[in-house]
Every structure is written in C-alpha cells, then in structure tokens.
1. Give the residue, chosen from Asp59, Asp20, that is surrounded by fewer than 10 Cβ atoms within 10 Å (Cβ to Cβ) and modelled with pLDDT of 80 or more.
2. Looking only at segment 54-79, count every residue that is among the hydroxyl-bearing types (Ser, Thr, Tyr) and assigned to a helix (DSSP H, G or I) and tell me the total.
3. For segment 67-94, enumerate the residues that are surrounded by 15 or more Cβ atoms within 10 Å (Cβ to Cβ) and more than 17 Å from the chain's Cα centre (by Cα).
4. Taking the criterion of being modelled with pLDDT under 85, within 22 Å of the chain's Cα centre (by Cα), small (Gly, Ala, Ser) and surrounded by 13 or more Cβ atoms within 10 Å (Cβ to Cβ), would at least one residue in segment 114-126 satisfy it?
Amino acid sequence: MALYVPSKAPKSASPSSVADQLLARHREAVARASTLAAATDHANVIVTLASLGDKLTPDHPVAKAIGYRKALALVAAHRRSELASYRRQSVRRLSMEGRKVREIAAELGISRQYVVKLRAELGAGRRR
C-alpha cells in the first residue's frame, strides 16, 4: 500500500512527519464524527424519552442504557424546555396583541420581571 503524500506538504518534510500529520488529521476527523454521532444519539434519546412521558420504567431499554435517574432527569429537562418555549410564545403573542406586562404576568401566572426579561429577549418594548 502506497503512502499518500498531499501536494501541500513542505518539500523538506520527511515521510514520517507527513504520515504523523495525516494520522493526526484522521484522528481529529474521527473525533469530530464521534462527537456528532453522540449529539445525534443524545437528541434521539431525548425525543424517545419525551414521547414516553410518565410511562418511563426502569426496565425501558433507554433507561437501562443510560441509567434510570439520568433518563428521568432528561425527561424533566425536556418538559421544562417545552414549558419555557410555551411561555415565550405566549408572551410574544400577548405582546403583539398590545397587552401590558402586568396583564401578561397575571394571565400566564409568572412574575412581571420574567415577562419583562422575555419581552427584552424578543425585542418588544417595556410596556407597564
């Protein structure tokens, strides 16, 4: 098997240093690929766990693979994320309707400060 030497390699580079460079690039590529695969697997696990909801048991394959407590924590984090998204969308919708901060806070059952924070993140003004 012949060693591939890239044309960009310096002329003074020895074959072993070129091989070392290629090996280092290969290791970096493998590390990036495994990181991407792990992130994809993590997202798939969260979607799977979120679809289970309250039906998650210690005998579920995902719970066995990552641990029951960790699976429960992922489900809880996903629910909190969904709730935050719902609140953000509600604040946006009510702000577009022209509601005041205290009206939005009362309707959604959240603090005025949180409504002000969300409106600032959304680019809406601070209407009292």
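The values are calculated or read from the model by the stated rules, or taken from the named source; none is laboratory data. Because the structure is predicted, anything quoted here is derived from the model rather than measured. Because the Cβ atoms are built from the backbone with ideal geometry, glycine has one as well, and the counts that use them run over all protein chains shown.
1. Criteria check complete, one pass: Asp59.
2. Just the residues of segment 54-79 that are among the hydroxyl-bearing types (Ser, Thr, Tyr), to begin with: 57, 68.
Subsequent filtering for residues that are assigned to a helix (DSSP H, G or I) retains 68.
Matching residues across segment 54-79 total 1.
3. Of everything in segment 67-94, those that are surrounded by 15 or more Cβ atoms within 10 Å (Cβ to Cβ) and more than 17 Å from the chain's Cα centre (by Cα) turn out to be Tyr68, Arg87, Ser90, Val91, Arg92, Leu94.
4. Here is the first cut: in segment 114-126, the residues modelled with pLDDT under 85 are 122-126.
Still in the running and within 22 Å of the chain's Cα centre (by Cα): 122.
Right, trim to small (Gly, Ala, Ser) and you get none.
Checked segment 114-126: no residue is modelled with pLDDT under 85, within 22 Å of the chain's Cα centre (by Cα), small (Gly, Ala, Ser) and surrounded by 13 or more Cβ atoms within 10 Å (Cβ to Cβ).
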